[in-house]
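Trainee: Got a structure here, written out as structure tokens. Questions coming.
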Amino acid sequence: SVGYDEFDYWEGVRTARACRRYDSDGRLRQRIFYWKDGVTPQQDEKYDLEGNMVEKVHYNSDGKMQANVDGWAAMRARYKDRKPTVESFYGEDGKLVARKIYNDSGRLVMRQMVGDRDFDPYEQFDAQPMMGERVLYYDRSGQLKGAVGGYRQD
């Protein structure tokens with residue numbers, strides 16, 4: 001069966017600013033934020049049946065994927081028992097640029113960074129690995145070049 005949509009509008013112009021899509025059981029399944037034209041999405045979020053955000057995509061005003069201030073254009077997440085297991089981040093070209101891996105308790109235990117550019121591990125606000133966290137560094141071809149912190153599991 002079909003769900004329903006709720007809209008918010010830009011003040012004074014009556015074009016859609018945001019849309020929340022619900023399934024037939026009233027669960028939020030998608031949130032879309034629009035540019036001022038009210039048609040082109042600026043951000044699109046999708047949710048699973050438990051209410052976890054499983055996908056988030058940022059778009060420019062031409063409707064093409066655009067990186068946000070954190071350097072990624074799209075994110076996909078997987079959950080187990082409402083706790084994150086993996087978050088994968090993609091660039092404007094759709095290629096994987098980073099991944100976060102969580103333990104069974106939902107704590108971040110590993111950050112992997114890959115892609116077409118060199119990553120500066122100190123460019124992030126939380127640059128130092130937390131106890132038990134392991135950060136892996138890859139070159140442009142995807143070959144592992146080093147790791148910092150965490151527990152070695154060979």
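The values are calculated or read from the model by the stated rules, or taken from the named source; none is laboratory data. Small disclaimer: the values here were computed from a predicted structure and weren't measured. Ideal geometry is used to build each Cβ from the backbone, glycine not excepted, and the neighbour counts take in all protein chains shown.
Trainee: Exactly one of (1) in contact with a strand residue (DSSP E or B) (Cβ under 7 Å, 6 or more places away or on another chain); (2) farther than 30 Å from Leu144 by Cβ is unmet by Asp37. Its number?
Mentor: Single failed check for Asp37: (1).
Trainee: Taking the options Lys95, Lys46, Lys56, name whichever one is assigned by TED's automatic domain parsing to the domain that holds Gly142, among the basic types (Lys, Arg) and closer than 30 Å to Gly142 by Cβ.
Mentor: Going through Lys95, Lys46, Lys56 in turn, just one is assigned by TED's automatic domain parsing to the domain that holds Gly142, among the basic types (Lys, Arg) and closer than 30 Å to Gly142 by Cβ: Lys95.
Trainee: Tally time: how many residues in region 53-81 are among the hydrophobic types (A, V, I, L, M, F, W, C) and part of a loop (DSSP other than H, G, I, E, B)?
Mentor: Residues flagged as among the hydrophobic types (A, V, I, L, M, F, W, C) and part of a loop (DSSP other than H, G, I, E, B) within region 53-81 amount to 4.
Listed here are the residues, each with its yes/no results for (1) in contact with a Pro (Cβ under 6 Å, 6 or more places away or on another chain); (2) within 22 Å of Val2 (Cα to Cα); (3) without any contact (Cβ under 8 Å) to a residue 24 or more places away in the chain.
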{"residue": "Arg17", "(1), (2), (3)": "no, no, yes"}
{"residue": "Gly26", "(1), (2), (3)": "no, yes, yes"}
{"residue": "Ile32", "(1), (2), (3)": "yes, yes, yes"}
{"residue": "Gln42", "(1), (2), (3)": "no, no, yes"}
{"residue": "Lys46", "(1), (2), (3)": "no, yes, yes"}
{"residue": "Met53", "(1), (2), (3)": "no, yes, no"}
{"residue": "Val57", "(1), (2), (3)": "no, no, yes"}
{"residue": "Asn60", "(1), (2), (3)": "no, no, yes"}
{"residue": "Asp70", "(1), (2), (3)": "no, no, yes"}
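Trainee: Please tell me if Phe33 is assigned to a strand (DSSP E or B) and over 30 Å from Thr85 (Cβ atoms).
Mentor: No: the conditions fail for Phe33.
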